[in-house]
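What follows is a set of notes on a single structure, which appears directly below.
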Amino acid sequence: MLVKYDVNPLEIENISHSVTLVPRLEYSVNLLDEIIDILNEKQIKLKESNKELFNDFDESDKIHVESLKLEHLVTYSLNILQQVKKNMKRISNVSSIPEVLPSSIPMIRTVSAKLFDIIPVCSQKLSEISVHLGSIVLDSAALTTASFDFSQSNNESSTSLNEVKLMVDSKLSKQYPNLDFFKLCNT
């Protein structure tokens, strides 16, 4: 027995568009995982090499200062990207994408810009992720008829970046208690 069912052509189009979001989202998550792994390895190496600075730190030695700044930057970048990944895990369906992802894109772009001269391969991959996520956000908004408040997304992103910075500053200050880490990394 066949049941006659009328299908709205707009619904078919929306279904096919939503299906194309999943591979792009999975690709972005996999690329993000690669970058997190690279930064994690870099952070471990920096932490190990900077252990020597714990007792012999010379604030006037540019190499010492730059080494600590690099560890701060890598730790900061890693923590931001871990937060972005945590946000991405909150995506449960197409309608949650416009709520979750818009504030993550400026965070990714910030990290990409900071890593541009230091780890160019990560910067390039982050730029690619931001493009993919931007297109995913726009497509999901079109499917769900969502609207954006870019000001709110930017505020959320800025707040998250500031929270991560404070957390990293605190963590590294505990790791290097004899150093004025706030002064070193904020000059």
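The values are calculated or read from the model by the stated rules, or taken from the named source; none is laboratory data. Source: prediction; values computed, not measured. Glycine also receives a Cβ, built like all others from the backbone with ideal geometry; neighbour counts cover every protein chain displayed. To get the accessible areas, we keep the full protein, side chains included, count just its heavy atoms, and leave off ligands, DNA and RNA. Shrake-Rupley method; radii C 1.70, N 1.55, O 1.52, S 1.80 Å.
I'd like to know if segment 144-152 contains one or more residues that are part of a helix (DSSP H, G or I) and modelled with pLDDT of 90 or more. For segment 144-152, residues part of a helix (DSSP H, G or I) and modelled with pLDDT of 90 or more: absent. Is it the case that some residue within segment 66-84 is modelled with pLDDT under 85 and part of a helix (DSSP H, G or I)? The answer is no, given that none of the residues of segment 66-84 is modelled with pLDDT under 85 and part of a helix (DSSP H, G or I). Residues in segment 171-187 that are part of a helix (DSSP H, G or I), open to solvent by less than 40 Å² (accessible area, probe 1.4 Å) and at pLDDT below 85: Ser173, Phe181, Leu184, Cys185. Could you tell me whether segment 102-112 includes any residue that is under 22 Å from Lys47 (Cβ atoms) and either modelled with pLDDT of 90 or more or open to solvent by 80 Å² or more (accessible area, probe 1.4 Å) (or both)? So far as segment 102-112 goes, yes, one or more of its residues are under 22 Å from Lys47 (Cβ atoms) and either modelled with pLDDT of 90 or more or open to solvent by 80 Å² or more (accessible area, probe 1.4 Å) (or both).
If you go through segment 117-128 one residue at a time, do you hit one that is in contact (Cβ under 8 Å) with a residue 12 or more places away in the chain, more than 15 Å from Leu31 (Cβ to Cβ) and not aromatic (Phe, Trp, Tyr)? Yes; the residues of segment 117-128 include at least one that is in contact (Cβ under 8 Å) with a residue 12 or more places away in the chain, more than 15 Å from Leu31 (Cβ to Cβ) and not aromatic (Phe, Trp, Tyr). Of the candidates Val111, Val168, Val137, the single residue that is closer than 15 Å to Leu21 by Cβ, part of a helix (DSSP H, G or I), of a type in the set (A, V, I, L, M, F, W, C) and out of contact with any Lys or Arg (no Cβ under 6 Å at 6 or more places or on another chain) is Val137. Of all residues in segment 59-82, those being within 20 Å of Leu126 (Cβ to Cβ) and open to solvent by less than 50 Å² (accessible area, probe 1.4 Å) number 12.
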